[in-house]
1. Taking just the C-alpha trace of segment 287-394, give me its Rg and Dmax in Å.
2. For the chain, find the longest principal axis of its Cα atoms and tell me its angle to the long axis of helix 262-304, 0 to 90°, nearest 10.
3. Could you give me D for the chain, from Stokes-Einstein at 37 °C and 0.692 mPa s, where the hydrodynamic radius is the Kirkwood radius over C-alpha pairs? Units µm² s⁻¹, please.
4. Could you give the alpha-carbon Rg of segment 60-260 over 2.2 N^0.38 Å, rounded to two decimals?
5. Lysine pairs in the chain with alpha-carbon atoms under 29 Å apart, 8 or more places apart or on different chains: how many are there?
6. How many nm separate the modelled label positions at ASP130 and ARG108, each set 7 Å beyond the Cα in the direction of the Cβ?
7. With a 10 Å Cβ neighbour count serving as the proxy for reagent exposure, in which order, fewest first, do ASP85, ASP231, ASP79, ASP90 appear?
Amino acid sequence: MVFSEIVRLAIDSFRSSKIRFALTALGMVIGSASVILVFTIGSTGKQYVLAELQKIGTNMVMLEYQGGGAGAINEYRNDFLTRDDERAVDEQVTDVALSSPMLEMHDRVTFPGGIAKDVLVLGVSPQYKDVRDLVVLSGRFFDEEDETTHTKVAVVTEAFAQEMFGSSSAAINQSFQLTGIPFTIIGTFKESVPTFGQSEIADETILIPYSVGRYFTGTDNVKQIFFSIRDPNDVEEASTEIVNVVHVRHLASSVYKTTTLTSLLTTAAAIANALTVMLVLVSAVTLAVGGVGIMNIMLATVRSRIREIGIRKALGATAREIKLQFLIEAVFISLSGGIVGTLLGLALPVSVRVFTDYSVPISVWSVVIALGTSTAVGIIFGTLPANRAAQMDPVESLKYE
């Protein structure tokens with residue numbers, strides 16, 4: 001028998017028992033749809049997490065002093081970063097687009113009700129807003145003129161403004177004191193992504209011009225320097241150049257470290273991929289259950305068609321052809337369910353993309369895996385019934401009642 005004749009026999013078998021065929025394929029429909037949806041959900045979650053991390057600044061490099069810096073014999077001194085280090089990097093590292101120093105101070109501020117709290121005060125340059133991708137909620141950020149003229153202005157967090165004055169908008173043009181010196185609030189801000197205190201910005205943080213903060217500390221030392229790199233792909237290379245430039249300007253024993261989001265993004269992507277694979281494997285259990293159903297139905301089919309098998313063998317059909325016929329029937333059931341399930345699984349993400357503004361990712365690999373797994377399930381779970389049919393004795397089959 002040629003292959004086309006075997007396929008026609010399988011199709012005729014399905015036509016004679018449409019309901020049984022549909023119910024058997026239902027498990028594969030559910031399993032394939034689950035694989036597609038799990039892939040979509042995993043890819044969407046990965047896309048969201050990476051997008052949120054990127055808002056912090058994938059092109060940002062943070063430089064800080066880690067320690068070291070021995071002077072004379074038996075003498076130890078710190079070798080902190082300075083504003084001159086920032087200028088040197090700006091001049092020598094062409095990939096740097098923006099930069100800002102940061103010095104850190106702490107002070108006690110009296111809030112309404114006579115409550116005094118410790119607040120974090122950061123002295124930064126006007127470029128700090130763009131380097132850190134801060135969101136100005138009301139008012140404005142201080143500019144180069146404020147920096148040059150040493151204007152006593154401040155930009156505060158939303159939490160500080162609400163606790164001190166009731167709202168972000170109400171805080172604009174209000175005054176408060178730092179170490180007895182009045183400062184005027186010209187704006188309120190927040191981070192583009194909540195970092196829950198894991199960045200240099202706390203809930204109640206005050207930003208002031210670096211030139212003003214320098215007079216409070218009485219030193220040119222800075223705690224950290226932030227750089228913005230023109231191309232995110234050059235971040236790692238630029239961070240190495242930044243460290244090299246700074247090392248030349250300081251003692252050989254001093255240690256300086258750059259921090260970027262590149263490794264964090266890579267780790268987050270790897271975790272998201274691992275979770276997606278795990279969920280796909282869990283959803284594949286449904287396909288295995290569907291495969292067991294196919295095997296049971298095919299075993300029952302073989303039993304109900306014993307006389308047919310005997311007649312076909314008596315007419316010259318080989319064991320290989322009998323086996324191939326029942327194996328094709330199992331694969332047809334499995335693959336048909338896989339195709340329907342794949343279409344149903346794709347219907348949801350496609351509908352979301354068409355009828356909403358959300359760009360839900362659709363993975364071609366999820367379709368390949370769903371259809372490939374469906375075919376494999378049909379072959380694996382259809383082999384036993386097909387072998388049993390092929391091994392039947394034609395004489396005994398013809399006698400079967």
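Every read-out reported here was derived from the displayed coordinates using simple, explicitly stated rules and does not represent laboratory data. Every value quoted in this text rests on a predicted model; they were computed, and no experiment measured them. All Cβ positions, even for glycine, are placed from backbone atoms using ideal geometry, and neighbour counts span all protein chains on display.
1. Here Rg and the maximum Cα pair distance are 18.5, 64 Å.
2. 10 degrees
3. On the way: Rh = 27.0 Å.
It comes out at roughly 122 µm²/s.
4. 1.07
5. 27
6. Inter-label distance under the simple model: 4.0 nm.
7. Fewest-to-most Cβ neighbours within 10 Å comes out as ASP231, ASP90, ASP79, ASP85.
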